[in-house]
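Everything on this sheet refers to the single structure shown next.
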Amino acid sequence: MNVAPPDAGELDALIRLLDDETPAVRTRVAERFALCGGDLSEWLASGTRSLTDGERDLLGEMLRPGRRMMLEREWVIPSGGAAALREDWESFEALLRVLSDFLHDGVTLRQPLSDALDLLAEDALGAGVVDENGLRSFLFESGRLAGNRKDYYDPRNSDLAWAVAEGLSNPLGLCLVYILVARRMNLEVEGVNFPGHFLCRIHQEGFPIIVDCFDKGRLHLQATLVEAGSDLDKAQRASIRSTADPGTILVRLLNNLASALKERGQGEDAELVSRLRGTLGE
């Protein structure tokens, strides 16, 4: 069970001990931070002491075990695994929020995922967006959100709150922001589980259009992509025609995230995400 976060005096004392090399001291400090749920951003923001970059990094690492405990505690999958999420967008987004909190550094103050998506939808409405194509242009052609080409495998690409704040993500992260903002605006944007490069689909004048969010929202006529003479093989054409449900999307996101964490040397985090992936079944 989490205990109350440290008060201003205790927090200042703990921060001063962050770089103490005495094993016993480091253990006690880590144990105290582990009881805080992995996130001290609000308390840090309300304090008078500013952290150095080094202190931020050390504190973020100290808070990581607490975030792992919170993720395991709050990870609730409906009976039936991924299949049970087929139409359950509410539970799906709740799981994305839990993952976002886990991937957060616990130090930087930022908006929770749902609030960030709400505000993005409000901004789009304020800009006069009324349809799916307009939202595509607002998010991607404008450059408000862009592909993270510099660090394509950064685990934070799976943290949608970070993606909204930084304006960067991988194809799946960008598509999820598009889909979830569209749902808030009563617009229909579908996910397309294309191998190696997640895409979206919208409809214009009755025609299905594929949107490549990673490529500035570039549009492709679906009929052209799936015709026999296209460069796509049979399996790829089938994926273009299909719509990815929340359970399928979550499986893909967790697979991507586990690989990214392992590549970054965060083995314990990667193992946890892999275990959570197992709760979804095949």
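Derivation of every value follows stated rules applied to the coordinates shown; laboratory data play no part. What you see is a predicted model; the values in this text were computed from it and never measured. As a convention, Cβ positions derive from the backbone with ideal geometry for all residues, glycine included, and neighbour counts pool all protein chains shown.
Springs join every pair of Cα atoms under 10 Å in this Gaussian network model of the chain, and among I249, I210, I15 the largest mean-square fluctuation is at I15. Using the Cβ of L113 as centre and a radius below 11 Å, the other residues enclosed give a net charge of -3, where K and R count +1 and D and E count -1. If you run the Gaussian network model on the chain, springs between alpha carbon atoms under 10 Å, then out of R16, R201, R56 the most flexible one is R16.
Local charge sum around L180 (other residues, Cβ-Cβ under 12 Å, Lys/Arg +1, Asp/Glu -1)?
On the way: positive: R97, R183, R184; negative: E90, E93, D118.
Net of charged neighbours comes to 0.
Which of rounded, prolate or oblate describes the range 1-141 when judged by the alpha-carbon gyration tensor and an a/c cut-off of 1.5? Verdict is oblate for the range 1-141.
Only Lys, Arg, Asp and Glu count, each charged at its Cβ (+1, +1, -1, -1), so figure out the dipole size of the chain about its Cα centre, rounded to 20 debye.
Details: 31 positive and 46 negative charges, 104 e Å.
Charge dipole, the chain, about its Cα centre: 500 debye, nearest 20.
Neighbour counting of Cβ atoms within 10 Å sorts the residues D269, D57, D159, fewest neighbours leading, into D57, D269, D159.
At what distance in nm do the modelled label points of Y152 and H197 sit from each other, each positioned 7 Å from its Cα along Cα→Cβ? Calculated label separation equals 1.0 nm.
At the listed q of 0.08, 0.13, 0.14 Å⁻¹, the Debye profile of the range 75-278, built from one uniform point per Cα, gives log10 I(q)/I(0) equal to -0.26, -0.70, -0.82. In the elastic network of the chain, a GNM with C-alpha springs shorter than 10 Å, the most mobile of F207, F198, F140 is F207.
Tell me, what is the FRET efficiency for R26 and A127 to the nearest 0.05, using R0 = 45 angstrom and their Cβ-Cβ distance as r?
Using R0 = 45 Å, I get an efficiency of 0.35.
Rounded, prolate or oblate: which one fits the range 209-282, using the alpha carbon gyration tensor with axes a ≥ b ≥ c (rounded when a/c is under 1.5, else prolate when a/b beats b/c, else oblate)? Note, shape of the range 209-282 comes out prolate. Using only Cα atoms, tell me the angle between helix 89-103 and the longest principal axis of the chain; keep it within 0 to 90° and round to the nearest 10. Roughly 40 degrees between the two axes. Derived scalar couplings between HN and Hα for the range 251-268 equal 4, 5, 4, 5, 4, 4, 5, 4, 5, 5, 5, 5, 4, 7, x, 9, x, 5 Hz in order, rounded to whole Hz, by the Karplus curve 6.51 cos²θ - 1.76 cosθ + 1.60 (θ = phi - 60°), x for Gly and Pro.
If you rank E10, E205 by fewest surrounding Cβ atoms within 10 Å, what's the result?
Values: E10 12, E205 5.
By the 10 Å Cβ count, ascending, the order reads E205, E10.
When only the Cβ of Lys, Arg, Asp and Glu is charged (+1, +1, -1, -1), the dipole of the range 1-154 relative to its Cα centre reaches about 360 debye.
Electrostatic tally near L168: other residues with Cβ closer than 11 Å to its Cβ, Lys and Arg +1, Asp and Glu -1, net 0. Taking label points 7 Å from Cα along the Cα-to-Cβ direction, E141 and R275 give a separation of 4.7 nm. Spatially, the range 66-103 and the range 141-185 are offset by 19 Å when compared through their Cα centroids.
When R252, R264 are sorted by how many other C-beta atoms sit within 10 angstrom of their C-beta, beginning with the fewest, the order is R264, R252.
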